[in-house]
Structures are given as C-alpha cells and as structure tokens.
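See structure below.
The values are calculated or read from the model by the stated rules, or taken from the named source; none is laboratory data. Quick caveat, the model's predicted, so the values are computed rather than measured. Glycine also receives a Cβ, built like all others from the backbone with ideal geometry; neighbour counts cover every protein chain displayed. To get the accessible areas, we keep the full protein, side chains included, count just its heavy atoms, and leave off ligands, DNA and RNA. Shrake-Rupley method; radii C 1.70, N 1.55, O 1.52, S 1.80 Å.
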Amino acid sequence: MSVLVLLLGGCKKVKDIRVTSFELESVAPQGLTGLNAEFAVGISNPAMQVKLEDVEAVLKRSGKVLGRMTVDPFVIEARTDAEYRLKGYLRLGEDANLRDLLQLLDASVLDQYTVDVTAKARHKSGVAAPIAVNDIPLKKLLEKAGYEKN
C-alpha cells in the first residue's frame, strides 16, 4: 500500500523507491472480524531489488487499535516502474467493530486516524533490515500515495 513511501524511507539503500499510485480493487468479508483486500500499488524503483516481508499496519484512532492488516510478501523489481497486485488481510482489534472501520468512508475524519507500520526489507543477497514507522497520519499516508477521496 502507500505505506511503502514511509516504510522504505527508513532504509537508506532504497530511499528513492516511491509509490506512484494506489487503488483498492476489492474487499471481501472474512467471517465477522476480518476483511480480505486486494489492491494495486504503482511503484517506481530506480534502485536494487527489494523483497518486503512481515508487512503489518496497525490502524488506530485515539489510541484504540481498530485493526491490523498484514500484507503478503512481495518483491519490488530493480530499476522499474511497475504496478503490483497485493493481497492483505485486515482483522479487527479486540475492542473494535465494523462500524468503526466504516467511519473511514467519511473523508472529514481521516485526520483522526494513525497507522503504525512494520516490515522487513530484504536485499536479494539475503541481508534484511527491519523497518518501523509509528503514528503516521492516515490522511497524510493516503495523500502521499496519490489517493484522493471523491
């Protein structure tokens, strides 16, 4: 997701990798406490190949964990501008419900949400670097990815 912009900013060797687009393609309920999501992310990578694994984003509002999204591992190919189809799973936080998440449809409240992101960036040689970015304003994250709420 657009999380990559901030995620990869912490790893010096891949600092020039940037997200160029983000589009949510599908969302499907998974039981009563989760959602499967598929999205397309455009990524410009003028640098080396990087594999992102153990990607997790924690969505919070006023300190309350509303959900945790995990994203399947994926490889960002070297020196390319490409679109990647990613799959993720969002499970609700213990004290959250679907109504909490539906509030995200209202663009006027996006500035009340923050995201903590963790991942592991692995070079094809096997060397990995942990990445963690906390308290990213959700509105800012979506704007960096070029996502505009209509």
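When the helix-only estimate is applied to the chain (DSSP H runs of n ≥ 4, each -39,500 (n - 2.57), divided by the residue count), what is the mean residue ellipticity at 222 nm, nearest 500 deg cm²/dmol?
Working: 3 runs with 19 residues, N = 150.
Theoretical 222 nm ellipticity from helices: -3000 deg cm²/dmol.
Set the Förster radius R0 to 41 Å, insert the Cβ-Cβ distance between Lys124 and Asp100 as r into 1/(1 + (r/R0)^6), and round the FRET efficiency to 0.05.
Working: r = 40 Å, r/R0 = 0.97.
Taking R0 as 41 Å, the efficiency between Lys124 and Asp100 is 0.55.
Residue separation times 0.36 nm, minus the C-alpha to C-alpha distance between Thr80 and Val58: what's the value? Please report the intermediate quantities before stating the final value.
Numbers: separation 22, 0.36 × 22 = 7.92 nm, distance 2.88 nm.
That works out to 5.0 nm of additional length.
Taking only protein heavy atoms and a 1.4 Å probe, what accessible area per residue, in Å², does the chain have with all protein chains in place? Don't jump to the answer; show the numbers that get you there.
Working: 8490 Å² over 150 residues.
Spelled out: the 1.4 Å probe surface of the chain, per residue, equals 57 Å².
Could you state how much accessible area Thr20 has, in square angstrom rounded to the nearest 10, with a 1.4 Å probe and all protein chains kept in place?
Accessible surface of Thr20 is approximately 70 Å².
Report in % the part of the accessible area of the chain that belongs to carbon and sulfur, leaving out ligands and nucleic acids; probe 1.4 Å.
Values: 4190 of 8490 Å².
Carbon and sulfur together cover 49 percent of it.
Tell me which aspartates and glutamates have Cα within less than 13 Å of Lys51's Cα, excluding those fewer than 8 residues away on the same chain?
Counting by Cα, and skipping residues close in sequence, Lys51 has these aspartates and glutamates nearby: Asp72, Glu77.
Under 9 Å from the Cβ of Pro130, count the other residues' Cβ atoms, weight Lys and Arg +1, Asp and Glu -1, and hand me the total. The partial results should precede the final answer.
Working: positive: Lys120; negative: Asp54.
Computed value for this residue: 0.
Quick one: Debye curve from the alpha-carbon atoms of the chain only, equal weights, vacuum; give me log10 I(q)/I(0) at q = 0.11, 0.13, 0.17 Å⁻¹ to two decimals.
One equal scatterer on each Cα of the chain leads to -0.40, -0.56, -0.97.
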